[in-house]
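The values are calculated or read from the model by the stated rules, or taken from the named source; none is laboratory data. Since we're looking at a predicted model, the values are computed, not measured. Note that we place each Cβ from the backbone using ideal geometry, even for glycine, and neighbour counts take in every protein chain shown. Note: areas computed on protein heavy atoms with side chains; ligands, DNA, RNA excluded. Shrake-Rupley method; radii C 1.70, N 1.55, O 1.52, S 1.80 Å.
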Amino acid sequence: MSTILVIDDKKDNLISITALLKNLITDCNVITALSGEEGITIAQTHNPDVIILDIKMPGMDGYEVCQILKSNPITRHIPIIFLTAIHTDSQSKVKGLKLGADAFLTKPIDQAELVAQISAMLRIKHAEDMLRREKDLLEDLVLQRTGELLASQMRYKSLFNSISDMVIIHRKDGKILEVNNSTCQRLGFSHDSMLLM
């Protein structure tokens, strides 16, 4: 089930948008916030799939909310759709998109456009979530393999140094690449000085 966060300072708008979304998108959970500050807190704790954000709000306006959400590593991946009745000019749209919004819709709401935008944002979010999970799995695998490699190197080094015979590994030109502890002890040189020979 998808979760949509709606941030608007007018309770009537929240009620009508919630009812509209539940009617148009059957498999969605709608949560609401009456201020930008509350919306940011909810976004950080609930990790919604899409945020619908009003621009004109007292205190922190939608632009500032968008900027804060998009600069936070916890929330920057959440698609934001601006939905406004007042800031409908192209400068407002450009400003919103430059701040990181993914779409910009105006009121009165075109239901088909709203559903299409939300569906597109849900597909994008789903794809990005999958990529992040794959990235996390890959990082875990790299860490695991790196740990295994280091453990293997440590076992090799321990075995190599436990050999009582002198062992010197060198290139064809005679440059010493590695020596074991027995070699250093018998010849009276430190490991580092042997590698400089």
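With the condition kept exactly as written, say whether any residue in region 132-142 is part of a helix (DSSP H, G or I) and either over 29 Å from the mean Cα position of the chain (by Cα) or within 21 Å of Gly39 (Cα to Cα) (or both).
Within region 132-142 (the criterion being part of a helix (DSSP H, G or I) and either over 29 Å from the mean Cα position of the chain (by Cα) or within 21 Å of Gly39 (Cα to Cα) (or both)), the answer is no, since none of the residues qualifies.
Hey, could you check region 87-110 for residues that are out of contact with any helix residue (DSSP H, G or I) (no Cβ under 8 Å at 6 or more places or on another chain), among the charged types (D, E, K, R) and outside any helix (DSSP H, G or I) and say which is least open to solvent (accessible area, probe 1.4 Å)?
Going through the qualifying residues, I end up with Lys107.
Ser158 fails exactly one of the following numbered conditions: (1) within 27 Å of Ala43 (Cβ to Cβ); (2) open to solvent by less than 80 Å² (accessible area, probe 1.4 Å); (3) among the hydroxyl-bearing types (Ser, Thr, Tyr). What is the number of that condition?
(1)
Hey, among the residues in region 1-19 that are within 20 Å of Lys125 (Cβ to Cβ) and not small (Gly, Ala, Ser), which one's most open to solvent (accessible area, probe 1.4 Å)? Talk me through it step by step, then tell me what you get.
Pass one, region 1-19, residues within 20 Å of Lys125 (Cβ to Cβ): 1-7, 17-18.
Cutting the leftovers down to not small (Gly, Ala, Ser) gives us 1, 3-7, 17-18.
Details: Met1: 152, Thr3: 27, Ile4: 0, Leu5: 0, Val6: 2, Ile7: 1, Ile17: 8, Thr18: 28 Å².
Here the residue is Met1.
Looking at region 139-174, which of its residues are touching a helix residue (DSSP H, G or I) at 6+ places or on another chain (Cβ under 9 Å) and not aliphatic (A, V, I, L, M)?
Scanning region 139-174 gives Phe160, Asn161, Ser162, Ser164, Asp165.
Are any of the residues in region 111-122 open to solvent by less than 50 Å² (accessible area, probe 1.4 Å), on the phi < 0 side of the Ramachandran plot and of a type in the set (Val, Ile, Thr)? Explain how you work it out, then say what you get.
First, the residues of region 111-122 that are open to solvent by less than 50 Å² (accessible area, probe 1.4 Å): 114-115, 118-122.
Applying the additional criterion that residues be on the phi < 0 side of the Ramachandran plot yields 114-115, 118-122.
Next, from what is left, pick out any that are of a type in the set (Val, Ile, Thr): 115, 118.
Yes.
Quick one: what pairs do we get from region 83-94, first residue within 10 Å of Gly62 (Cβ to Cβ), second open to solvent by 70 Å² or more (accessible area, probe 1.4 Å) and basic (Lys, Arg), C-beta under 7 Å, 6+ apart or different chains?
Between residues of region 83-94 that are within 10 Å of Gly62 (Cβ to Cβ) and residues that are open to solvent by 70 Å² or more (accessible area, probe 1.4 Å) and basic (Lys, Arg), the close pairs are Thr84/Lys56; His87/Lys56.
Met57: in contact with a Pro (Cβ under 6 Å, 6 or more places away or on another chain), in contact (Cβ under 8 Å) with a residue 24 or more places away in the chain and either open to solvent by less than 90 Å² (accessible area, probe 1.4 Å) or not aromatic (Phe, Trp, Tyr) (or both), yes or no? Give the steps one after another, and end with the answer.
Values: in contact with a Pro (Cβ under 6 Å, 6 or more places away or on another chain): no; in contact (Cβ under 8 Å) with a residue 24 or more places away in the chain: yes; either open to solvent by less than 90 Å² (accessible area, probe 1.4 Å) or not aromatic (Phe, Trp, Tyr) (or both): yes.
No; evaluated as a whole, the condition is false for this residue.
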